[in-house]
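Undergrad: This is the structure, below, for whatever I ask next.
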Amino acid sequence: MSRDGFTGFTRGEARVRTAASTLQFAELGPFSKLARMPWGIVLLIFGVGLVGVAMLFSVGWDPVTQAPSAREAGLWREQLTRLSVGGVLMVLLALLPLGVWARLSWLAYLGVLVLLVLVDFFGIMGGGAARWLKVGPIVLQPSEPAKLAVTLAVASYYQRMMPLNGRSLPLWVHLGALAIILIPAALVFKQPNLSTALALTASGMMIVFFAGIGYRYVLGAILAGIAAVPAIYTFVLEPYQRQRVDTLIAGITGQTTNGLGESYQIEQAKIAIGAGGVSGKGYLQGIQSQQEYVPEQHTDFILTVIAEEFGFIGTVGLLTVFAFLFVWSFRVAARNRSWFGRLATIGATSTIAFFTIFNSGMVLGLLPVLGMPLPLISYGGTALITVMACFGLILSAHLHRDEKMTTHGPI
Amino acid sequence: MSRKTKNADEMFDRRMFMAAGVGGIVWATLVGRLFQLQFLEAERYQDLAEANHVKLVMAPPERGQILDRFGRPLASQRQAGRVSVIPEQMKDPEAVLNRISNLIDLPDTRRERLIEEIRNARRRNAAFLPVIVAQELTFEEFSRMQVHAVEMAGVDVQMASTRSYPRGRDFGHVLGYVARASAEDLDRLTEGLVPEDRRIYQEMFRHPDMRTGRQGMERFAEDWLRGRPGRRRVVANAHGRPLWELEQDPKQAAVPGKDLYITIDAELQRTAIDRFEGESGAAVVIDIENGDVLAMVSTPAFDPNGFVNGISGADYAVLRDDPRAPLYPRAHGGVYPPGSTFKMVVATAALEAGVIKPEDHVRCPGHYRFGNRTWHCWKRGGHGAMNMHNAIKQSCDVYFYEIARRAGVRKIAEVSRKFGFGHTWVLGMTGARGGLVPDPDWKQRVRNEPWFEGETLNFGIGQGQLGTTPLQLALMTARIAATGAPIRPRMIGLGPNDEDDALLDEPLDPAIMERMKAGMYGVTSEGGGTATRSGDLGLGGPRLAGKTGTAQVRRITAEERARGVVRGGDAIARELRDHALFVAYAPADNPKYAISVIVEHGEGGSRTAAPVARDILAAAIRMNSGRTPTYAQRAATTPEPEAGDPA
């Protein structure tokens, strides 16, 4: 059927046939691409980031003096700078043809692997874990670029392995993909950084799922996962993590939890969220979250500030905006002409979606406290840049949806 | 189009729908949870949030003022600039204090104490309570601090209520002072309270604006002045630090303390202190008609303002080690031998005992032999034949040796007590002393020795073991001037009841008192009187009546007497010179004011003490210090607390 055999899809061809232009989109100049950029989506992403900046301003607000407090006043400005840098980076990355992404994928993957191993040996300790690598003045957290690198590597791997005739893949191919995912995930887990390891694995699994692994394996994996829960709880989790799980179960089943320790944070978060009510107390009026009742209110628990100040309307609005972005990204994946473009978009979207879901679930007391930032909103540099880079990849997949992949893996 | 390719698209779409379905379920779960928390249970969480950050904090009551008899403030609350720090908000307390010390005067010792205090606050988990760095800022300091405080986290500059004594030293010994409650103060204040009240007191006195009376009237009238603390509803942060106020429940408001009026006339007090012209001494003026103490002077004195915010060790040492003893409350706590001012008491005792008649004569050759010893009269050549009137007028010692011996020690001691000697007159002050009226029982008990009759002779001229305070001497004078009428000394005009509310009403024969008054008039107004130069009040007519006295600081040895008595002058070191005393009342024909004056090391009662007493009495008459006090109206209208509510 196909004229070149580089793609297994018909939708793209249909688009090419019906499109007014027969130009190869990948060959367009950067200015034409900028003109075709979905600016509405770009602005929406930037807007969500600005919500984060506004919330950080609120966290640093001193209601007594009606002025920014001395202590946390600078957070919002820092975050605004990062958001601007990230925004420019996102647009620049969107201009990169998918072929370039694919070519770079193995290099990035190997680089991240090396960095992760180096962290194991030379990492800086922080918060009881070795997560940072110091190269001269630059402090690097390799687990953050790992999210993108793994996505790119797995997508690239499937692009190379996918049969030209459209038949489904044999199991061993999927097992190979699993290996690509689990090696860095294991290194990250060992740091220890359970949340990032989980996110890496989960988004990798989503790629494997969309690459067409048989339903029986999916079902088997889910059942095995459920069966492994007690074993993981007993043997894998650290005592403090077990305690968090205990706290969560106690909270959900309505048992009394002592007001201290892990449950204090969750209790205070629930009070802040509930006190917001339907319409919230208004911007800069969130006493409960502003006045240090909720620990980590500027990073992992920033959703409590939104909930208290903007209420049910604000929180549901934010979750809906996120949902819209994810649906749009999935449509980008569905419209892409190459396996690489599709699967890389799936991986990037899943990474952001998992953080959003896990963070909200944790703040709302539905999931154990695992230390996950809320994408685009939580204070923190590397996480923000990584999320913006993931959106850059998704935007690239949108702009280059008709690009024919002429490459098979690494150069 | 191949079927396989179509399969791949279909597979992708199918799985996309599945993922979207799972995503939808997750979204619905999160929204459902939000609906539960923010809609269904919102009210409960709003209550919890309020319980979280609305706290009841202690509102300190405003301390009552202390006013003089005419309503002039002697102790009041004043707004003053203050710098405080909140330990929990400071990253590096030492650096912050160093910066503050560049802006305002902050001695190194104070800074070290503050660092210690901040450390303690952190240890006690009270790091959200302000620690006061400096108070009583000057205007320049206050503005400088306000400009720079915004750059220093945890530093507060504000106006605060602080105790102030506008008349400073004038009332140091009467009013005492307030201070932050120490552990001992708290023990004293909460003695006998139930644990619940004890906790309230402890919380109240932890407040940086709270003070408690440590000395004087401030301590005596503590309950009257303090008022009742209230509760304020404030919004607090997670560390319990108050952020801002909510609307107040009027029932929970602090009840300010009541004002205390004292009987003293602050202007008379001031005039009296000035009149000492820097000499050490004491003066007490009493209104004869009602016992109001109109002036209570002890000089030099300390300034109570220095104690309000805690006096430094160095400053206190200066006061303590000052040889002129500014901390010593001479007027009510200084015990002196009364010397010849005591002779009216001895004469009264002799007349009451009937051992002599007023017109009987005693011959004074200048000395008096008893047993194998010789007692001397102050006049070397002797006074010749003396009746009682002349003996008082000329202060003849020999006459009083004789009548004292005849009356006996027990009679003199009994009459002394009738005049108020030996009793501790507190009148709401601290540091009051009762002195000593010696008698054989006392000597047997304390010294385990029998009484020697020779000691009775010393007693007769107000020397020996006898110890009296200027306040007691003023009371004695007031009783004589009132011709023996009862007198109730008091200094609390409108305030708590004086526990010491003792009426001095032991019967004194008016006829005898008239003789004493005549003698005292002789002293100032008849030829040969010892103080005739000070008899005229200088008001164009009215005179005063009084009695001079000299309190020996050291015994004159026989050797010195043989050499020619040296009783004063430059040959003797100042601190060994005798004290000069004078007691008086005025106007002589219609007594209104009684006074006692002691000028320490003033040597001669007539030369140094009498003019001081004269001028103070003249000032009291001129200023009409004894006129109706302003609180009289209020005292009459203030309803007495009812014993029981009939309803």
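The values are calculated or read from the model by the stated rules, or taken from the named source; none is laboratory data. Just so we're clear, the structure is a prediction, and the values are computed from it rather than from any experiment. Glycine also receives a Cβ, built like all others from the backbone with ideal geometry; neighbour counts cover every protein chain displayed. Heads up: the accessible areas ignore ligands, DNA and RNA and are worked out on the full protein's heavy atoms, side chains in. Shrake-Rupley method; radii C 1.70, N 1.55, O 1.52, S 1.80 Å.
Undergrad: Write down the radius of gyration of the stretch B:435-532 and its Dmax, each obtained from C-alpha positions, in Å.
TA: Rg then Dmax for the stretch B:435-532, in Å: 17.2, 48.
Undergrad: Taking a probe of 1.4 angstrom, what is the accessible area of residue A:106 in Å², to the nearest 10?
TA: Near enough 50 Å² of accessible area.
Undergrad: With the dipole of the stretch B:499-554 worked out from charges on the C-beta (+1 for Lys and Arg, -1 for Asp and Glu) around the Cα centre, which of B:503, B:541, B:513 lies farthest toward the positive end?
TA: Working it through, the farthest residue towards the positive pole turns out to be B:541.
Undergrad: Quote the charge dipole size of chain B about the Cα centre in Debye, to the nearest 20; the model charges only the Cβ of Lys and Arg (+1) and of Asp and Glu (-1). Before the final figure, lay out the partial values.
TA: On the way: 86 positive and 83 negative charges, 185 e Å.
My answer is approximately 880 debye.
Undergrad: Taking the Cα centre as origin and putting +1 on Lys and Arg beta-carbons and -1 on Asp and Glu beta-carbons, what dipole magnitude results for the protein assembly as shown, to the nearest 20 debye?
TA: On the way: 113 positive and 102 negative charges, 582 e Å.
For this selection, approximately 2800 debye.
Undergrad: What FRET efficiency comes out for residue B:92 versus residue B:57 if R0 is 25 angstrom and r is the Cβ-Cβ distance? Round to the nearest 0.05. It would help to have the intermediate numbers written out before the result.
TA: Numbers: r = 28 Å, r/R0 = 1.11.
Rounded to the nearest 0.05, the efficiency is 0.35.
Undergrad: Can I ask one more? How many Å² of accessible area per residue for the protein assembly as shown, probe 1.4 Å? Mind dumping the intermediate values first?
TA: Numbers: 46100 Å² over 1058 residues.
That works out to 44 Å² for each residue.
Undergrad: Same structure, new question: Can you compute the charge dipole magnitude of the stretch B:56-262 about its Cα centre, using +1 on each Lys and Arg Cβ and -1 on each Asp and Glu Cβ, nothing else charged? Give it in debye, rounded to the nearest 20.
TA: Working: 34 positive and 31 negative charges, 56 e Å.
Roughly 260 debye, rounded to the nearest 20.
Undergrad: Let me ask something else. At a Förster radius of 25 Å, what calculated FRET efficiency corresponds to the Cβ-Cβ distance of residue B:233 and residue B:135, to the nearest 0.05?
TA: 0.35
Undergrad: Per the 1.4 Å probe, what fraction of the accessible area of the stretch B:56-262, in percent, lies on carbon and sulfur atoms?
TA: Exposed carbon and sulfur together represent 49 percent of the surface.
Undergrad: What average count of beta carbons from other chains do you get within 10 Å of the Cβ of residues in A:205-217? Present the calculation step by step, with values, prior to reporting the outcome.
TA: Numbers: counts 0, 2, 0, 0, 3, 6, 3, 5, 1, 0, 3, 0, 0.
Going residue by residue through A:205-217 and averaging, the value is 2.
Undergrad: Measuring from centroid to centroid over Cα atoms, what is the spacing of the stretch B:140-205 and the stretch B:102-134 in Å?
TA: 15 Å
Undergrad: Can you give me the distance in nm between label points at residue B:120 and residue A:324, each placed 7 Å from the Cα along the Cα-to-Cβ direction?
TA: Going from the residue B:120 label point to the residue A:324 one covers 6.1 nm.
Undergrad: For the protein assembly as shown, what D do you get in µm² per second when you plug the Kirkwood radius from alpha-carbon pairs into Stokes-Einstein at 25 °C and 0.890 mPa s? All intermediate terms of the calculation are to be shown ahead of the outcome.
TA: Numbers: Rh = 37.1 Å.
Result for D is 66 µm²/s.
Undergrad: For chain B, calculate the relative contact order in percent as a whole number, restricting contacts to Cα pairs under 8 Å that are 6 or more residues apart. Show your work: numbers first, answer last.
TA: Details: 1290 pairs, mean separation 86.9, N = 647.
13 percent.
Undergrad: When only Cα pairs under 8 Å and 6 or more residues apart are kept, what is the percent relative contact order across the stretch B:294-393? List each step's numbers first, then the result.
TA: Details: 77 pairs, mean separation 20.0, N = 100.
After rounding, I find 20 percent.
Undergrad: Provide B:321, B:209 ordered by accessible surface of protein heavy atoms (probe 1.4 Å), highest first.
TA: Values: B:321 100, B:209 50 Å².
Order by accessible area, largest first: B:321, B:209.
Undergrad: Per residue, what volume in Å³ does the convex hull of the Cα atoms of the stretch B:246-381 enclose?
TA: Numbers: hull volume 39.5 nm³, N = 136.
Convex hull volume per residue, Cα atoms: 291 Å³.
Undergrad: How would you rank B:249-260, B:588-599, highest first, on the average number of other Cβ atoms within 10 Å across their residues? Please report the intermediate quantities before stating the final value.
TA: Details: B:249-260: 15.4, B:588-599: 24.8.
Descending mean neighbour count gives B:588-599, B:249-260.
Undergrad: Here's another thing I want to ask about it. Taking only the C-alpha atoms, wrap a convex hull around the stretch B:262-320 and report its volume per residue in Å³ as a whole number. Before the final figure, lay out the partial values.
TA: Details: hull volume 5.9 nm³, N = 59.
In the stretch B:262-320, the Cα hull volume divided by residue count equals 101 Å³.
Undergrad: Based on Cα positions only, what radius of gyration and what Dmax would you give for chain B, in angstroms?
TA: Final numbers for Rg and Dmax: 35.9, 158 Å.
Undergrad: Which order, highest average first, do A:107-115, B:464-472, A:361-369 follow once you tally other Cβ atoms within 10 Å for each residue and take the mean per peptide? Numbers along the way, then the final one.
TA: Values: A:107-115: 18.0, B:464-472: 25.7, A:361-369: 22.1.
Descending mean neighbour count gives B:464-472, A:361-369, A:107-115.
Undergrad: Between residue B:367 and residue B:78, how many nm apart are label points set 7 Å from Cα along the C-beta direction?
TA: For residue B:367 paired with residue B:78, the spin-label model returns 6.1 nm.
Undergrad: Let me ask another. If you count, for each residue, the other Cβ atoms within 10 Å and average over each peptide, how do B:10-23, B:518-531 line up from highest to lowest? Provide the component values of the computation, followed by the final result.
TA: On the way: B:10-23: 14.5, B:518-531: 22.1.
Descending mean neighbour count gives B:518-531, B:10-23.
Undergrad: At a Förster distance of 25 Å, what's the computed FRET efficiency of residue A:43 paired with residue A:278, Cβ-Cβ distance as r, to 0.05? Display every interim value, and only then the final one.
TA: Values: r = 28 Å, r/R0 = 1.11.
Once rounded, the FRET efficiency stands at 0.35.
Undergrad: If you don't mind, there's one more thing I want to ask. Largest first, what is the accessible-area ranking of B:367, B:148 with a 1.4 Å probe?
TA: B:367, B:148
Undergrad: Starting from the Cα of residue B:446, step 7 Å along the direction of its Cβ; do the same at residue B:488; then give the gap between the two resulting points in nm.
TA: Going from the residue B:446 label point to the residue B:488 one covers 3.1 nm.
Undergrad: Along its principal axes, what span do the Cα atoms of the stretch B:56-262 show, with the longest given first and each in whole Å?
TA: Principal extents (Cα only, largest first): 49, 39, 34 Å.
Undergrad: Once you have a ≥ b ≥ c as the square roots of the Cα gyration tensor eigenvalues for the stretch B:403-442, tell me rounded if a/c is under 1.5, and otherwise prolate or oblate according to whether a/b is larger than b/c.
TA: prolate
Undergrad: Test of understanding: what is the full-extension gain from residue B:497 to residue B:187, defined as 0.36 nm times their sequence separation minus their Cα-Cα distance?
TA: Numbers: separation 310, 0.36 × 310 = 111.60 nm, distance 2.30 nm.
The span from residue B:497 to residue B:187 would gain 109.3 nm if fully extended.
Undergrad: When the helices in chain B are scored as -39500 (n - 2.57) per DSSP H run of 4 or longer and the sum is shared across all residues, what 222 nm value do you end up with, to the nearest 500 deg cm²/dmol?
TA: Values: 25 runs with 252 residues, N = 647.
When only DSSP H runs of four or more count, the value is -11500 deg cm²/dmol.
Undergrad: Continuing with the same structure: Under the Kirkwood approximation applied to all pairs of distinct alpha-carbon atoms, what is the hydrodynamic radius of the stretch A:11-399 in Å?
TA: Details: mean 1/r = 0.0450 Å⁻¹.
One decimal place: 22.2 Å for the Kirkwood radius.
Undergrad: Averaged across B:10-22, how many Cβ atoms of other chains sit within 10 Å of each residue's Cβ atom?
TA: Partner-chain Cβ atoms within 10 Å, mean over residues of B:10-22: 4.
Undergrad: Next up: Using only the heavy atoms of the protein chains and a 1.4 Å probe, how would B:247, B:151 rank by accessible area, largest first?
TA: On the way: B:247 130, B:151 105 Å².
Ranked from most to least accessible, the order is B:247, B:151.
Undergrad: For the stretch A:295-382, what is Rg from Cα atoms divided by 2.2 N^0.38 Å, rounded to two decimals? Could the numbers behind the result be given before it?
TA: Numbers: Rg = 14.5 Å, N = 88, 2.2 N^0.38 = 12.1 Å.
Relative to the 2.2 N^0.38 Å estimate, the stretch A:295-382 comes out at 1.20.
Undergrad: Return the Rg/Rh ratio of the stretch B:575-633 with Cα-based radii and a Kirkwood Rh.
TA: Rounded to two decimals, Rg over Rh is 1.13.
Undergrad: Cα-Cα pairs above 24 Å in the stretch B:138-239: how many percent?
TA: Working: 2220 of 5151 pairs.
Value for the stretch B:138-239 (Cα pairs over 24 Å): 43 percent.
Undergrad: Moving on to the next point. Computed on protein heavy atoms with a 1.4 Å probe, what is the summed buried accessible area for the chain pair B and A, in Å² to the nearest 100? Don't skip to the answer; put the middle values down first.
TA: Numbers: alone 31240 and 19200 Å², together 46100 Å².
Approximately 4400 Å², summed over both chains.
Undergrad: For the stretch A:313-334 and the stretch B:352-369, what is the separation of their C-alpha centers, rounded to whole Å?
TA: Centre-to-centre distance over Cα atoms comes out at 121 Å.
Undergrad: Let me ask something additional. Answer with one residue from B:192, B:95, B:157: the one whose Cα lies farthest towards the positive end of the charge dipole of the stretch B:56-262, charges on Cβ with Lys, Arg +1 and Asp, Glu -1.
TA: Of B:192, B:95, B:157, it is B:192.
Undergrad: What does the average come to when, for each residue of peptide A:310-316, you count the partner chain Cβ atoms lying within 10 Å of its Cβ? Provide the component values of the computation, followed by the final result.
TA: Working: counts 0, 4, 7, 1, 2, 7, 6.
Going residue by residue through A:310-316 and averaging, the value is 4.
Undergrad: Looking at this model, which pairs from B:357/B:418; B:379/B:517; B:258/B:418; A:33/A:134; B:411/B:547; A:33/A:147 are more than 29 angstrom apart at the alpha-carbon? Present the calculation step by step, with values, prior to reporting the outcome.
TA: On the way: B:357/B:418 21 Å; B:379/B:517 23 Å; B:258/B:418 36 Å; A:33/A:134 37 Å; B:411/B:547 22 Å; A:33/A:147 26 Å.
Where the Cα-Cα span goes over 29 Å, the pairs concerned are B:258/B:418; A:33/A:134.
Undergrad: Residue farthest toward the positive end of the dipole of the protein assembly as shown, with Cβ of Lys/Arg at +1 and Asp/Glu at -1: which of B:420, B:171, A:156?
TA: A:156
Undergrad: Give me the percent of DSSP beta bridges within the protein assembly as shown that run antiparallel, rounded to the nearest 5.
TA: On the way: 76 of 79 bridges.
Percent antiparallel among DSSP bridges in the protein assembly as shown is about 95.
Undergrad: Would you please calculate the Kirkwood hydrodynamic radius of the stretch B:103-196 over all C-alpha pairs and express it in Å, rounded to one decimal? Before the final figure, lay out each step's value.
TA: Details: mean 1/r = 0.0601 Å⁻¹.
Every distinct Cα pair counted, the radius reaches 16.6 Å.
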